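Colleague: What follows is a single structure, and I will ask about it in a moment.
The values are calculated or read from the model by the stated rules, or taken from the named source; none is laboratory data. Owing to the predicted nature of the structure, the values given are computational and were not obtained by experimental measurement. No Cβ is skipped: glycine too gets one built from the backbone with ideal geometry, and neighbour counts run over all protein chains shown.
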Protein chains: 2
Amino acid sequence: MESAIGVLVSQFKAFAGSDGSSDTLSRDEFHRLVKSQLPNFVTNAGDSTAIDQLMSSLDKDNDGELSFLEFWKLIGHLASRHGGFSL
Amino acid sequence: MESAIGVLVSQFKAFAGSDGSSDTLSRDEFHRLVKSQLPNFVTNAGDSTAIDQLMSSLDKDNDGELSFLEFWKLIGHLASRHGGFSL
């Protein structure tokens, strides 16, 4: 599990580091990450409006950036659905 | 990222399936998982009392079992620390 966790952290950092704060995902970074890394797990991963709505629902403090823990919540829900767990 | 998420889900299921409910971790299953899968990320992974305390802090509904999303919260915090993000 530790190596899988390491992969998720380093991928997050790779995308978060492309502009502005290297610890958070901007709107553009989030779009790029979803399209390239979560194309099957996110419904409508190719639909920019849907990704904007998803981002707004995760960005609890409405600062226009997703922190690692905000992002982690998303992948927890995707993982839970992928695993067939009840939410 | 999808394959790393898949690894975490299948490892969780492998441990959760060893006794009782196959969707949740019992105390024994959680101990085995932490010792074998998170030996470096969990401080005191070899200390049973510490693991019991960790489990209590995660088991929000106090039913003695950890759901996938309760477990996901733990690994989010471990991942965040591993990545050097502020909590």
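Colleague: Could you check residue A:9 against (1) surrounded by fewer than 17 Cβ atoms within 10 Å (Cβ to Cβ); (2) under 14 Å from residue A:71 (Cα atoms) and say which number it fails?
Modeller: Condition (1) is where residue A:9 drops out.
Colleague: Oh, and also: Any residue at all in segment B:27-40 that's assigned to a helix (DSSP H, G or I) and closer than 23 Å to residue A:71 by Cα?
Modeller: There is at least one residue in segment B:27-40 that is assigned to a helix (DSSP H, G or I) and closer than 23 Å to residue A:71 by Cα.
Colleague: Say whether the condition of being at pLDDT 95 or above, touching a Leu at 6+ places or on another chain (Cβ under 8 Å) and either among the charged types (D, E, K, R) or not in a helix (DSSP H, G or I) (or both) is met by at least one residue in segment B:69-85.
Modeller: No, segment B:69-85 has no match at all.
Colleague: Of B:5, B:75, B:51, which residue is β-branched (Val, Ile, Thr), more than 10 Å from chain A (Cβ to nearest Cβ) and touching a helix residue (DSSP H, G or I) at 6+ places or on another chain (Cβ under 9 Å)?
Modeller: Going through B:5, B:75, B:51 in turn, the sole match is B:51.
Colleague: I need the full set of residues from segment B:31-48 which are within 13 Å of another protein chain (Cβ to nearest Cβ) and either within 12 Å of the chain's Cα centre (by Cα) or surrounded by 13 or more Cβ atoms within 10 Å (Cβ to Cβ) (or both), in order please. Explain how you work it out, then say what you get.
Modeller: So in segment B:31-48, the residues within 13 Å of another protein chain (Cβ to nearest Cβ) come out as B:32-42, B:45.
Of everything in segment B:31-48, those that are within 13 Å of another protein chain (Cβ to nearest Cβ) and either within 12 Å of the chain's Cα centre (by Cα) or surrounded by 13 or more Cβ atoms within 10 Å (Cβ to Cβ) (or both) turn out to be B:32, B:33, B:34, B:35, B:36, B:37, B:38, B:39, B:41, B:42, B:45.
Colleague: Still on this structure, I have one more. Scan segment A:53-68 residue by residue and report those that are outside any helix (DSSP H, G or I) and either under 9 Å from the mean Cα position of the chain (by Cα) or touching a residue at least 40 places away in the same chain (Cβ under 8 Å) (or both).
Modeller: Of everything in segment A:53-68, those that are outside any helix (DSSP H, G or I) and either under 9 Å from the mean Cα position of the chain (by Cα) or touching a residue at least 40 places away in the same chain (Cβ under 8 Å) (or both) turn out to be A:65, A:66, A:67.
Colleague: Can you tell me how many residues in segment B:60-69 are crowded, with 19+ Cβ neighbours inside 10 Å, touching a helix residue (DSSP H, G or I) at 6+ places or on another chain (Cβ under 8 Å) and more than 9 Å from chain A (Cβ to nearest Cβ)?
Modeller: Within segment B:60-69, the first condition is being crowded, with 19+ Cβ neighbours inside 10 Å, and the residues that meet it are B:65-68.
Restricting the remaining residues to those that are touching a helix residue (DSSP H, G or I) at 6+ places or on another chain (Cβ under 8 Å) gives B:66, B:68.
Now narrow it down to the ones that are more than 9 Å from chain A (Cβ to nearest Cβ): B:66.
Of the residues in segment B:60-69, 1 are crowded, with 19+ Cβ neighbours inside 10 Å, touching a helix residue (DSSP H, G or I) at 6+ places or on another chain (Cβ under 8 Å) and more than 9 Å from chain A (Cβ to nearest Cβ).
Colleague: In a loop (DSSP other than H, G, I, E, B), closer than 22 Å to residue A:14 by Cα and free of Cβ contacts under 8 Å to residues at least 12 places away in the same chain: does that describe residue A:46?
Modeller: Judged against the criteria, residue A:46 is a match.
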